[in-house]
Structure formats: structure tokens, C-alpha cells
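Student: First the structure, which I've put down as C-alpha cells, then a few questions once you've had a look.
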Amino acid sequence: MIEINQLRKSFGKLDVLKGISTTFEPGQVISILGPNASGKTTLIKSILGMVIPDSGTILFEGKDTSIDPYYKKKIGYMPQIGRYPDNMKIGQLFEMMKDIRQEKAHDEELLHQFDLPSMFNKPMRTLSGGTRQKVSAALACLFNPPVLILDEPTAGLDPVAAEILKAKIHKEKEKGKLILLTSHIMSEVDELADQILYMMEGQIKFNYTIADLKDITGENKLGKAIMEYLKAETYVESN
Amino acid sequence: MLKVTKYVLHDIVRNKILIAYTVFLFVLSCCMFYLDENPDKAVSSLLTIINIIVPLVSMIFTTSYFYNSYEFIELLVAQPLKRTNILLGEYIGIAGSLTVALIIGLGIPICMYALNPLALTLFYTGILLSLIFTSLAFLCSVATRDKAKGMGLSLLIWFFFSVIYDGLILGILYSFSDYPLEKTVLVLTAFNPIDLGRIIVMLQMDVSALMGYTGALYKTILGTNWGLFISVAILLVWFIVPLLICVKIFKKKNL
Amino acid sequence: MARKIVFLFILLIAQCSIALAQQKLIVGPKEKYTTIEKALAASKNGDEIIVKKGIYTSLNITINKSITLTGQGQPVLDGKGKDEVLTILVNGVTVNGFIIKNTNIGSSKDYAGIRVFKANNVKIINNTLQNTFFGIYLSDADDILVKNNKLTGTGHPTQSGNGIHLWQCNRIKIENNTIRRHRDGIYFEFAKQSLIQNNLSEQNNRYGLHFMFSDDDKYIDNTFRNNGSGVAVMYTKRITMLKNVFEKNTGSSSYGLLLKDISDSRIEHNKFSLNTTGIYFEGCSRINVTNNDFLQNGWAIRLLANCESDHFENNNFKGNTFDLSTNGTHFQNKFINNYWDKYEGYDMDRNKIGDVPYRPVSLYSQVLEKMPYAVMLMRSLMVNLLDKAEKAIPSITPEIIKDEQPRIQSIAR
């Protein structure tokens with residue numbers, strides 16, 4: 001569904017992506033992991049067309065994304081920190097998104113689960129970080145897109161809301177959607193994802209299903225499994 | 001594109017700076033026309049103020065508004081919209097609202113007190129200056145990532161065109177006063193939109209003085225319809241070219 | 001007593017006989033005289049020659065008898081571009097009601113529509129002069145009346161002469177004439193004690209009215225519009241200039257009123273509007289400039305440093321680009337009680353006089369004296385800043401040029 005070929009990007013002297021190639025298929029929940037400044041967000045933003053790569057291509061359903069922004073209609077994006085026009089009210093934001101995408105709301109499940117309609121008259125600037133995340137999540141799902149890109153989805157959410165969102169992600173996965181997510185909470189990744197794309201210094205360190213990774217390392221906990229894998233790798237390299 | 005504009009306008013209508021700007025212009029123009037017994041004198045005072053205020057406010061307001069709506073732009077970029085349309089939509093929204101402010105703040109008082117060609121010329125050049133400096137401010141905002149830097153650059157550009165540029169011309173005239181410089185000065189002033197706007201109004205206001213000495217040359221070159229056409233064309237270039245460069249940069253910009 | 005009555009009676013008879021002797025000679029295509037020349041030959045002093053409507057070739061008809069030449073129905077005297085049209089050589093001639101046109105045009109001789117030479121008490125009234133090199137040319141003539149004439153010159157930039165030209169004349173009256181498209185509308189050289197009133201002089205190449213070495217003249221209620229310059233007064237004394245309008249005299253060396261080496265004159269109740277320079281003073285002394293309006297001129301007044309004891313009072317200065325410019329720091333003239341629309345002072349004691357003096361010379365106008373090309377920077381922020389700074393701390397503009405008692409309100413006229 002999404003095919004990335006030799007993607008390179010640098011900001012000034014800093015090489016952020018050093019030739020990434022991978023593919024994502026429908027029905028997968030892929031967690032993009034890696035240390036800070038490893039290029040995760042840049043990769044996501046490249047897919048969304050927010051960052052323009054220096055070289056390489058991103059194909060969405062076989063079409064080059066740099067030519068036509070229409071593919072974004074098929075993506076729901078939940079940013080790490082949802083920032084919206086200050087003076088806009090929640091209700092207006094939803095109306096505007098429908099207006100801009102020229103679509104009706106197909107999936108208002110999260111909207112209602114988060115009880116957002118009762119706050120439709122609140123301006124965005126008065127909202128807490130958690131409520132903004134709820135708004136972002138509801139927006140991402142609103143048009144029932146085949147691809148969901150979620151950047152730190154549960155960060156800042158209260159436990160109840162986090163559970164609602166996780167349940168929603170499961171449900172969407174069942175529908176056969178492609179879901180890309182980043183997270184720092186390993187238990188959550190373990191729970192949601194079925195594949196890990198681990199990035200380091202602008203390169204893909206490994207790309208395994210969680211099951212394979214646990215098998216290889218013999219560890220049961222995902223966090224430990226990753227640590228073990230990386231250690232083994234370093235050991236191999238140093239010899 | 002106009003969808004974006006719609007939401008920019010929706011947001012900007014309640015902007016306090018813009019309202020203050022409109023009210024300030026309106027009160028100022030009304031006072032000038034009301035207090036001065038001669039409407040032409042009022043226009044000459046207004047010209048001085050408009051030439052300072054309009055570029056300054058256009059620059060500062062646009063730059064700060066652009067950075068403040070950075071989130072909105074990010075949100076839009078992740079949507080199935082062309083970047084060119086997003087930027088132009090933003091531009092139309094901001095430039096449009098500044099123009100409306102000028103129509104209310106200057107246009108209405110002119111209609112009330114002094115509906116004559118001179119005042120209307122001032123009004124039209126005011127609108128062109130709004131468009132031009134909004135365009136330049138967009139360029140500053142898109143070219144720099146940091147708000148403080150963008151703001152600084154905006155102010156610098158304004159200061160350059162308002163004061164430094166004319167100072168340089170005066171310096172050149174002073175240093176090379178033995179040479180025939182009238183054409184040089186003419187060309188140099190055409191490169192500064194504030195100067196050019198001012199001269200277009202001046203050609204109507206100080207007809208008598210400009211007929212004398214070297215002014216006659218400018219009057220014969222710029223005072224004709226053809227000259228006016230060229231002046232307006234240059235002003236339009238000042239408005240369009242920065243905007244095109246801005247679109248080009250924005251297409252490649254990483255958000 | 002009886003002798004006195006007899007004397008009066010004789011006088012009466014004598015007058016009657018003169019009246020009887022005065023003939024009327026009619027000239028016309030179907031009249032007794034078909035040409036003016038024939039009628040002139042048959043006439044004697046005191047006769048009236050009446051010319052009927054028609055077109056008459058007139059190659060310098062010379063009038064050497066004291067007659068009245070009257071046109072009925074605007075007969076045309078056509079010089080066919082060959083010579084002058086009419087020449088008057090004796091006293092007491094009247095020329096009334098003709099269209100005079102097409103004199104020779106050349107620089108070798110001053111061909112004129114009507115020439116008066118060494119003749120006094122001549123009246124030239126109600127004539128229309130068209131396409132003449134010089135219009136009415138008076139030389140060595142006194143007590144002439146030129147009234148209700150319309151003069152239109154060639155309008156040619158080099159080959160055009162003066163409309164009404166005076167040389168060595170005294171006590172001339174020039175009234176209600178319209179003069180267009182000549183070199184100078186009216187030209188005075190050694191013409192004294194004359195009056196110019198109610199004329200319109202416009203579109204002339206050089207000056208609307210030009211004085212050279214002509215003292216004790218007055219011009220009142222005239223309009224000078226769209227000339228190279230409105231009026232030039234040079235090397236002359238005691239001229240009275242009242243209630244005239246000087247407007248739209250624009251050009252690179254153009255003035256409403258140009259004064260050069262003149263003294264003891266009055267300029268009062270005139271209106272100067274839309275001229276490149278309202279009044280230019282060079283080497284002038286003891287000139288009284290009061291109650292005038294200076295409106296929308298480029299420079300209302302240019303007063304060179306070689307002028308002294310000129311007095312400016314009760315004038316209105318409105319909408320001028322510059323109120324005053326000068327070329328030096330020497331200044332011995334006085335400005336008082338004028339209204340300046342650029343004045344930004346205050347009036348705390350409410351006596352309608354500003355409490356701080358007004359300085360009519362701006363720094364920028366001084367800069368322009370040295371760098372004329374800087375005119376393009378007029379009204380720019382930088383120039384405004386310079387002017388404001390200069391007003392606060394005068395350093396370049398002459399400190400002494402000021403109006404100590406500027407008016408707060410303009411003077412109603």
C-alpha cells in the first residue's frame with residue numbers, strides 16, 4: 001500500500017534519513033520505534049507530505065505522493081501535539097475538516113465516546129492537552145480512512161480515554177486498515193502492534209514482527225527483547 | 001483555495017490588532033479631513049502617515065499572524081490540499097482583510113469628505129502597498145522558521161524601504177552632485193515600492209512644484225497615462241514576484 | 001456782457017461749421033469708395049470713414065490724417081502675410097471694430113497689426129487681431145487708449161512677437177483686452193505712468209506681461225494664466241500690482257511673478273495659484289507684499305539673498321509644496337502676521353496669533369537648492385524626519401527667517 005524507496009532527508013548538515021526503503025501493507029499495525037532523533041517523526045511527516053525528501057520516492061497505492069496530494073484523503077493523521085487555530089471552537093473545527101476534505105463524517109464513534117459534542121462550543125485555546133489529543137484522535141478516525149498514522153496516540157490521555165483509543169485501534173485493525181504508530185510505551189506497542197520498525201540514526205535497524213523478535217531473542221517482554229537484540233547486534237558488529 | 005481563505009477570514013475578523021488598525025485609520029482619516037479646511041492638505045498629511053503605517057502594519061501583522069497560524073497550516077498540509085492553494089488561500093485571507101481595513105479606515109472617510117481623484121489615488125496606492133507588503137511579509141515568514149527572526153527580517157525590510165533606501169539615494173545625489181543623475185534617481189526610486197507609491201500621489205498633488213526644475217522630467221515621464229501604467233505595473237511586480245517566490249519556497253518547506 | 005454773448009455766438013457758429021464740414025465717407029464693395037485707401041485720399045482731418053462688412057486687402061495702409069476709422073459688421077483687413085496692416089502716424093486717430101489679420105512674420109522687422117508711431121491721443125477699440133506677428137505696436141506715443149481688443153498671435157515658439165508692445169510711451173491705458181499666443185502678452189519698455197486693467201493674458205510663450213525700465217505703472221484686476229511666466233517686472237521702480245490673478249504658469253523656469261531689480265512697489269490683493277513659483281524676487285528692495293493669497297504653488301516665494309527691506313504681511317499660504325526658499329543665510333526682509341497652513345504651533349492665549357514663530361524655509365527646500373534631483377524624495381519619511389529634526393534644532397536653515405506672529409486661521413477674502 002505504501003512503498004518507500006531510498007528515502008533521504010537532511011536538515012542542513014544533519015542527515016536525518018539516510019536511505020530508507022520499506023513497504024507497509026493493509027491489515028498491518030506497524031510501530032515505528034527508535035531513540036530520540038532517529039528520524040521517526042521525519043519519516044511519518046514525509047509520508048504525510050509535510051516534509052519534502054531530498055531524494056527517494058514514496059508510492060501510495062503505486063502512485064508517487066509528491067505529484068498529487070489527493071492520497072491524503074485516505075490517511076487519518078493524529079499528530080503528537082495537536083495544534084489548532086486558537087479562536088476556533090471544537091464544533092467549527094470538525095465542520096471545517098468536513099468542508100475542506102469534502103466528505104461526510106463516516107465514523108463518529110470516538111467523537112461520542114470522548115463526549116466531544118458536549119464541548120463543541122469551547123474554543124481550542126481553552127482546551128487541555130488531553131482534550132486536544134481526544135480531538136486529534138476523533139479527527140483522524142472521522143472519515144474512516146484506510147490508513148491511520150498515529151504519533152504518540154496515548155500520550156497525555158487519561159487512562160480511560162487511552163483504553164477507549166486502544167480499543168478503537170484494535171477495531172480498525174480488524175477492518176484491515178494499515179496503522180502506523182509511534183510510542184514510547186513498550187507495553188502499549190506490545191499490545192497494539194504486530195510489527196516493529198526500529199530506526200536508528202536515520203536508518204532502519206530492523207523490521208520484524210513482534211512474534212519473530214521475541215523468538216529470536218527468547219525474551220517475553222518486548223522492551224527487553226529489543227534491548228537484547230540491539231546488544232547482540234552491537235556485539236556482532238564489534239567483532 | 002477559497003476554502004482556506006474562508007477559514008482565515010473567519011479567524012481574522014475577531015483579531016484585535018486588525019480591528020485596532022481599522023479604527024485607527026478611520027479616526028485618523030476623519031480627523032484629518034474634518035480638521036483641515038483644505039481637503040488636499042489633509043491628503044498630503046494622510047499620504048505621509050499612510051506611507052509609514054500601511055507597510056509597517058502589513059509587515060508586522062502578516063508576519064505575526066502567519067507564525068500564529070502555523071499550526072493551522074500544518075493541519076492543512078496533512079489534508080488533501082495543494083500547498084500552493086493553502087498558501088494563496090492564506091494570502092488572500094490576510095491581504096484581503098488588510099485591504100478591507102483600508103477600505104473602511106480610509107475609503108469611507110474619503111467618500112464622506114473628499115471624493116476627488118487625488119484622494120482616490122492615495123487610496124489605490126494604499127491598497128497596492130498593503131498587497132505588496134503582505135506579499136513581502138509572507139516571503140519573510142516562509143523563508144525563516146523562527147518567529148523572532150521572521151519578525152526582525154520584516155521590520156528590517158520595512159525600515160530599509162522607508163528610510164534607509166531614501167537615505168542612500170540622498171547620499172548618492174550628494175556624492176555625485178556634479179553628474180546628471182535625474183534618470184538614475186528615477187530608476188532607483190522605481191525600485192522602492194514606497195517611493196513609487198508616494199510619487200504616484202505626488203504627481204497629482206505637487207503638480208506645480210514638479211513642473212519646475214528637474215521635476216519636469218519626472219512629470220513628463222511618469223505623469224502620462226503610459227507612465228502611470230508602468231508605475232502600476234512595477235507595483236504589481238512588487239506584489240506578484242515575492243508571492244511567487246514564496247509559493248516556490250513553501251512547496252519545498254518542511255513543516 | 002454783450003460782447004461776451006456775441007463771442008459765445010460766434011463760437012457756436014464756428015463749431016457748427018466744423019460739424020458741417022465733418023464728412024462721413026463710406027467704404028464698401030458697392031459704395032462710393034471701394035477701398036479704404038481711396039476714402040483716405042478723399043478725406044480730411046476730422047472725417048469719419050465707415051467701412052462696411054467685407055474683406056479688404058490691406059498692405060500697410062498708412063493713416064496720416066486725424067480721422068475716425070469705423071468698421072461696421074466687423075470688416076476684415078487682411079495683410080496676406082506680406083506687410084503690416086495699419087500704421088497710424090498722426091494724433092487723434094480712432095480705429096474701431098475691425099478684424100485685422102495675417103501680418104508678415106519674420107525676424108528682420110517687427111511687423112505689426114496696428115502700429116502707432118509718434119502719434120498721441122489715438123484710440124484702438126473693439127478690434128480683433130488674428131495671426132499677427134506683433135499685435136498693437138505703440139512707439140513714441142502718449143495718451144493712447146487700447147480697449148476691448150482680442151489679440152491672437154501665431155503661437156509659434158520662435159516666430160511670434162508681442163501682443164501689445166509699447167516703446168517710449170506715456171500715460172497709456174490698456175483695458176479689457178484678451179491677448180493669447182504671443183511672445184509677451186503685453187510688453188512695456190520705457191513706458192511710464194500707464195494703467196493696465198481688466199485684461200486676460202494667456203498662453204503666451206514668454207510672459208503674460210513684461211516691464212523693462214518702465215516706472216510708475218499700475219496693473220489691476222488682470223488675469224495671467226498659462227504663460228511661460230505670468231508677469232516679469234525688471235529694472236523698474238514704483239509699480240503697483242493689485243487684485244491680479246496669476247495662475248497655472250508652470251514650467252521649468254516659470255513664475256507667477258518674476259521681479260528682478262525693482263524697488264518701491266506694491267503687490268496687494270493678488271492671487272497666485274498653481275504656479276511653479278508664485279513670486280521670484282531677485283535684487284528687490286522696499287516691496288510691500290500684503291493681503292495676497294498663495295495657493296498650491298510649487299514654491300510660493302523664492303526670495304534671493306540680495307533682496308532687502310521687503311515686507312510680507314497678511315498673506316495666506318495654503319497648499320504650497322514649499323512656502324519659501326532662499327539661497328543664502330543673509331536675510332533682511334520681514335514676514336509678519338501671515339497665515340501658513342504648515343504652521344504647527346499653538347495659541348495658548350487665544351489671540352489668534354501663534355505663540356511660537358513659524359519658519360517658512362524647510363531643510364529639504366535648502367537641500368533642493370543644492371541637489372535639485374532630490375525632488376523625487378519629497379514627502380518621504382526620511383525627508384519628513386530631517387525636516388522635523390531641523391525644526392527642533394535649526395542648524396542649516398537660516399535662524400533669522402521667521403514669522404514671529406503667524407496667524408492661526410487663514411484670512412477670509
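Bear in mind these aren't lab numbers, they're just calculated from the coordinates by the rules spelled out. Just so it is clear, the model here is predicted, and its values are computed rather than measured. Note that each Cβ is placed from the backbone with ideal geometry, even for glycine, and that neighbours are counted across all protein chains shown.
Student: Mind putting a number on the dipole of the range C:24-227 about its Cα centre? Charges go on the C-beta only, +1 for Lys and Arg and -1 for Asp and Glu, and I need it in Debye to the nearest 20. Display every interim value, and only then the final one.
Tutor: Working: 26 positive and 19 negative charges, 140 e Å.
Here the range C:24-227 has a charge dipole of around 680 debye.
Student: Please give me, ordered by residue number, the trypsin sites (Lys or Arg not before Pro) of the range C:206-292 that lie in loop per DSSP and have at most 10 other Cβ atoms within 10 Å. Mind showing how you got there, number by number?
Tutor: On the way: sites: C:Arg206, C:Lys218, C:Arg225, C:Lys237, C:Arg238, C:Lys243, C:Lys248, C:Lys260, C:Arg266, C:Lys271, C:Arg286; in loops: C:Arg206, C:Arg238, C:Lys243, C:Lys248.
Hits after loop and neighbour filter: nothing returned.
Student: If you don't mind, there's one more thing I want to ask. Could you tell me what a quarter of the Cα convex hull surface of the range B:62-121 works out to, in nm² with one decimal place?
Tutor: Numbers: hull surface 21.0 nm².
Averaging across all directions leaves 5.2 nm² for the Cα convex hull.
Student: Next question. For chain A, what are the per-bin percents of Cα-Cα distances with bins 10 Å wide, up to the bin holding the maximum?
Tutor: Over chain A, the share of Cα pairs per 10 Å bin runs 7, 30, 35, 22, 5, 1, 0 percent.
Student: Compute the semi-axes of the equivalent ellipsoid of the range C:180-314, taking the square root of 5 times each eigenvalue of the Cα gyration tensor, and list them largest first in whole Å.
Tutor: 19, 17, 14
Student: Could you tell me which residue out of C:Ile196, C:Met371, C:Tyr207 lies farthest along the dipole of chain C toward its positive end? Charges go on the beta carbon: Lys and Arg +1, Asp and Glu -1, centred on the Cα centre.
Tutor: Positive-most Cα among the choices belongs to C:Ile196.
Student: Right, next: Hey, what's the per residue convex hull volume over the C-alpha atoms of the range C:24-227, in cubic angstrom? Working shown, then result.
Tutor: Numbers: hull volume 19.2 nm³, N = 204.
Expressed per residue, the convex hull around the Cα atoms of the range C:24-227 is 94 Å³.
Student: Could you pull out the longest piece of chain B with no exposed loop chymotrypsin sites (Phe, Trp or Tyr not before Pro) in it, calling a site exposed if DSSP puts it outside H, G, I, E, B and it has at most 15 other Cβ atoms within 10 Å?
Tutor: On the way: sites that count: B:Phe176, B:Phe191.
Of all site-free stretches, the longest is B:1-175.
Student: Another question, then. Does anyone have the angle between helix C:381-392 and the longest principal axis of chain C? Alpha-carbon axes, 0 to 90°, nearest 10?
Tutor: The angle comes out near 80 degrees.
Student: Sticking with this structure for a sec: What is the dipole size for chain A, taken about its Cα centre, with +1 at each Lys and Arg Cβ and -1 at each Asp and Glu Cβ, in debye to the nearest 20?
Tutor: Details: 30 positive and 32 negative charges, 141 e Å.
Roughly 680 debye for chain A.
Student: Here is a follow-up. Compute, for the protein assembly as shown, the length of the dipole vector about the Cα centre, with Cβ point charges of +1 (Lys, Arg) and -1 (Asp, Glu) only. Units Debye, rounded to 20.
Tutor: Values: 97 positive and 85 negative charges, 640 e Å.
Computed charge dipole of the protein assembly as shown: roughly 3080 debye.
Student: Which of A:Lys13/A:Lys40; C:Lys260/C:Lys352; A:Lys173/A:Lys221 have a Cα-Cα distance over 26 Å? All intermediate terms of the calculation are to be shown ahead of the outcome.
Tutor: Details: A:Lys13/A:Lys40 18 Å; C:Lys260/C:Lys352 35 Å; A:Lys173/A:Lys221 22 Å.
Long pairs (Cα-Cα over 26 Å): C:Lys260/C:Lys352.
Student: Once the Cα atoms of the range A:45-178 are picked out, what are the Rg and Dmax in Å?
Tutor: 15.1, 46
Student: Here is a further query. Quote the Stokes-Einstein diffusion coefficient, in whole µm² s⁻¹, for the range C:172-252, based on the Kirkwood radius over alpha carbon pairs, a temperature of 37 °C and a viscosity of 0.692 mPa s. Numbers along the way, then the final one.
Tutor: Numbers: Rh = 12.1 Å.
Once the numbers are plugged in, D ends up at 271 µm²/s.
Student: Which trypsin sites (Lys or Arg not before Pro) in the range A:6-98 sit in a loop by DSSP (not H, G, I, E or B) and have at most 11 other Cβ atoms within 10 Å of their own Cβ?
Tutor: On the way: sites: A:Arg8, A:Lys9, A:Lys13, A:Lys18, A:Lys40, A:Lys45, A:Lys63, A:Lys72, A:Lys73, A:Lys74, A:Arg83, A:Lys89, A:Lys98; in loops: A:Lys13, A:Arg83.
In loop regions of the range A:6-98 (DSSP not H, G, I, E or B), the sparsely surrounded trypsin sites (Lys or Arg not before Pro) are A:Lys13.
Student: Could you check how many percent of all C-alpha pairs in chain C are farther apart than 33 Å? Please list the in-between numbers first.
Tutor: Details: 37527 of 85078 pairs.
Counting every Cα pair in chain C, those more than 33 Å apart make up 44 percent.
Student: By the scheme Lys and Arg +1, Asp and Glu -1, what is the net charge of all other residues having a beta-carbon under 15 Å from that of A:Glu201? Before the final figure, lay out each step's value.
Tutor: Values: positive: A:Arg8, A:Lys9, A:Lys13, A:Lys18, A:Lys40, A:Lys205; negative: A:Asp15, A:Glu233, A:Glu237.
Around A:Glu201, the charge tally is +3.
Student: Can you tell me which of B:Lys219, B:Lys149, B:Lys183 moves the most in a GNM of chain B? Springs connect C-alpha atoms under 10 Å apart.
Tutor: Result: B:Lys183 has the largest fluctuation of those listed.
Student: How much of the DSSP bridge set in the protein assembly as shown is antiparallel, in percent, rounded to the nearest 5?
Tutor: Given both bridge residues lie in the protein assembly as shown, the antiparallel proportion sits at roughly 15 percent.
Student: Considering only Cα-Cα distances, which of the following residue pairs are longer than 30 Å: A:Lys168/B:Lys147; A:Lys104/A:Lys168; A:Lys73/A:Lys134; A:Lys9/B:Lys6; C:Lys118/C:Lys150; A:Lys45/A:Lys205?
Tutor: Those over the limit are A:Lys168/B:Lys147; A:Lys9/B:Lys6.
Student: Let me ask you something else. Pick from B:Leu196, B:Leu106, B:Leu35: which residue has the top mean-square fluctuation in a GNM of chain B where Cα pairs under 10 Å get a spring?
Tutor: Fluctuation is largest for B:Leu35.
Student: Compute the distance in nm between two label points, each set 7 Å from the Cα along the Cα-to-Cβ direction, one at C:Lys30 and one at B:His10.
Tutor: If labels sit at C:Lys30 and B:His10, their model points lie 9.4 nm apart.
Student: Ok, one more. Loop only per DSSP, at most 13 neighbouring Cβ atoms within 10 Å: give me the trypsin sites (Lys or Arg not before Pro) in the range C:137-184, ordered by residue number. Provide the component values of the computation, followed by the final result.
Tutor: Numbers: sites: C:Lys147, C:Lys150, C:Arg171, C:Lys173, C:Arg180, C:Arg181, C:Arg183; in loops: C:Arg171, C:Arg181, C:Arg183.
Sites meeting the loop and neighbour criteria: none at all.
Student: Hey, which aspartates and glutamates would be in cross-link range of C:Lys53, C-alpha to C-alpha under 15 Å, not counting anything within fewer than 8 residues on its own chain?
Tutor: C:Glu31, C:Asp78
Student: Moving on to the next point. Hey, with R₀ at 56 Å, roughly what FRET efficiency would A:Ala105 and C:Ile411 work out to, going by the Cβ-Cβ distance, to 0.05?
Tutor: The calculated FRET efficiency here is 0.15.
Student: Write down the Å³ per residue value for the convex hull defined by the alpha carbon atoms of the protein assembly as shown. Before the final figure, lay out each step's value.
Tutor: Numbers: hull volume 236.7 nm³, N = 907.
Spread over its residues, the Cα hull of the protein assembly as shown gives 261 Å³ apiece.
Student: Excluding same-chain residues fewer than 8 positions from B:Lys149, which lysines have a Cα within less than 18 Å of its Cα?
Tutor: B:Lys253
Student: Between the helical axis of B:225-252 and the dominant principal axis of chain B, each derived from Cα atoms, what acute angle in degrees is found, rounded to the nearest 10?
Tutor: Long axis of B:225-252 versus the principal axis of chain B: about 20 degrees.
Student: If you don't mind, another one. I need two numbers for the range B:2-252: Rg to one decimal and Dmax as a whole number, Cα atoms only, in Å.
Tutor: Just the Cα atoms of the range B:2-252 yield Rg and Dmax of 19.2, 62 Å.
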